[in-house]
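Only one structure is covered here, and it is reproduced in the block below.
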Amino acid sequence: MSPKGSLGSRIFLSRASSCAAATSPAGGCPFCGGRGGRWGVASRTVHDLGDPLSGRPIDLHICYSTHRCLACRRSFPADQSDLAPLKSQYTHRVQQTAVRLVIEDDMPYRMASWHLWRDHRVFVPWATIQNWVEAAGEKKPGRR
Ligand SMILES: [Zn+2]
């Protein structure tokens, strides 16, 4: 049980490598609910669906601030990005597209992986797609 979404945070997107501009208001501590003090800035890069016109891959650079609780002294990231699941290298859009290819278009995982690269310029290993589909829990055995 963690009160996700309670940390008001601002996500900054840029192609630059600097996260200096990333700030977010101190939110509540996910562990004890105490006040979180500003601690630092972190970033991660996620792969998005590429631009179909230019055929170029698109990587998003997500900056977020990290906080340290003044009460229990644990640090926690204020990464509340709506763009990509935590710890994922891909955005929700990539994930949803991949899952849809397999479930709705009935594509084998390997073909879905190839299709994502061909049409969206994003490389997703087919095993990763398999994980997503299984996590989505919608891969029905046989026909619907
Ligand atoms: Zn705390």
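The values are calculated or read from the model by the stated rules, or taken from the named source; none is laboratory data. Bear in mind that the values here come from a model prediction, so they are computed numbers and not experimental data. Don't worry about glycine lacking a Cβ; one is built from the backbone with ideal geometry, like all the others, and counts go over all protein chains shown.
Values for this structure:
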item: Residues of segment 69-107 satisfying the condition of being within 16 Å of the ligand (Cβ to nearest atom) and surrounded by fewer than 17 Cβ atoms within 10 Å (Cβ to Cβ); result: Leu70, Ala71, Cys72, Arg73, Arg74, Ser75
item: The lone exception for Arg118 - which of (1) exposed (fewer than 14 other Cβ atoms within 10 Å of the Cβ); (2) in contact (Cβ under 8 Å) with a residue 60 or more places away in the chain it fails; result: (2)
item: Selection status of Ile62, at pLDDT 95 or above and either more than 16 Å from the ligand (Cβ to nearest atom) or more than 30 Å from Pro30 (Cα to Cα) (or both); result: no
item: Exclusive hit being buried (at least 17 other Cβ atoms within 10 Å of the Cβ) and at pLDDT 80 or above, set Gly50, Gly40, Gly28, Gly36; result: Gly50
item: Residues (among the β-branched types (Val, Ile, Thr) and under 11 Å from the mean Cα position of the chain (by Cα)) located in segment 40-55; result: Thr45, Val46
item: Selection from segment 41-57 of residues that are more than 18 Å from Ala78 (Cβ to Cβ) and in contact with a Cys (Cβ under 7 Å, 6 or more places away or on another chain); result: none
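Residues are listed down the side, and each one gets a yes or a no for (1) under 17 Å from the mean Cα position of the chain (by Cα); (2) modelled with pLDDT under 55; (3) over 24 Å from Asp119 (Cα atoms):
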{"residue": "Ala16", "(1), (2), (3)": "no, yes, yes"}
{"residue": "Cys19", "(1), (2), (3)": "no, no, yes"}
{"residue": "Pro57", "(1), (2), (3)": "yes, no, no"}
{"residue": "Cys69", "(1), (2), (3)": "no, no, yes"}
{"residue": "Gln80", "(1), (2), (3)": "yes, no, yes"}
